[in-house]
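The values are calculated or read from the model by the stated rules, or taken from the named source; none is laboratory data. Here the structure is a predicted model, which means the values were calculated and not measured. FYI the Cβ positions are ideal-geometry reconstructions off the backbone, even for glycines, and counts take in every protein chain you see.
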Amino acid sequence: MTTPLIRFTQWAQESPQRKYNGLMGMLFDPAGLEASEARQAANKACGVDGMRKVDYAQGLTERLNELSAKLRSLGYRPKPVRRVYIPQGNGRRALGVPSFEDRLVQDRASQM
């Protein structure tokens, strides 16, 4: 079975001189975004938008359709990542916490 991302990679390798900008367009499937939402853990920290899985689930269909439309039109822009510092060893370690929608898009890309 070949996924759209594998076909895209093969197409790009055939001719490295080609220009392409439609990679985000492959992520827009609402059913795939809904599956990504189901895979998200409910206890993860919220990003800069303050959105948790429970909050995002209210009006889920409309939110996913809106996100899908943004991805389809290449109008989606990731939000800034919230920086959190945790103690580790002799110092502290920085963690980046993405917003909930960014997690959905990242999960969708990793599943392709």
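Each row is one residue, and each column tells you yes or no for (1) in a strand (DSSP E or B); (2) closer than 30 Å to residue 12 by Cβ; (3) out of contact with any Phe, Trp or Tyr (no Cβ under 9 Å at 6 or more places or on another chain); (4) at pLDDT 90 or above.
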position: 45; (1), (2), (3), (4): no, no, yes, no
position: 63; (1), (2), (3), (4): no, no, no, yes
position: 69; (1), (2), (3), (4): no, yes, no, yes
position: 75; (1), (2), (3), (4): no, yes, yes, no
position: 80; (1), (2), (3), (4): no, yes, yes, yes
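The listed residues are 59, 75, 89, 96, and the only one of them that is within 18 Å of residue 46 (Cβ to Cβ), surrounded by fewer than 15 Cβ atoms within 10 Å (Cβ to Cβ) and free of Cβ contacts under 8 Å to residues at least 12 places away in the same chain turns out to be 59. In the range 47-61, what residues are out of contact with any helix residue (DSSP H, G or I) (no Cβ under 6 Å at 6 or more places or on another chain) and assigned to a helix (DSSP H, G or I)? Residues satisfying the conditions are 53, 54, 55, 57, 60, 61.
Tally up the residues in the range 26-43 that are outside any loop (DSSP other than H, G, I, E, B) and closer than 14 Å to residue 99 by Cβ, please. Total satisfying the criteria: 2. What about residue 84, is it aliphatic (A, V, I, L, M), over 28 Å from residue 4 (Cα atoms) and surrounded by 10 or more Cβ atoms within 10 Å (Cβ to Cβ)? When the stated conditions are applied, residue 84 passes them.
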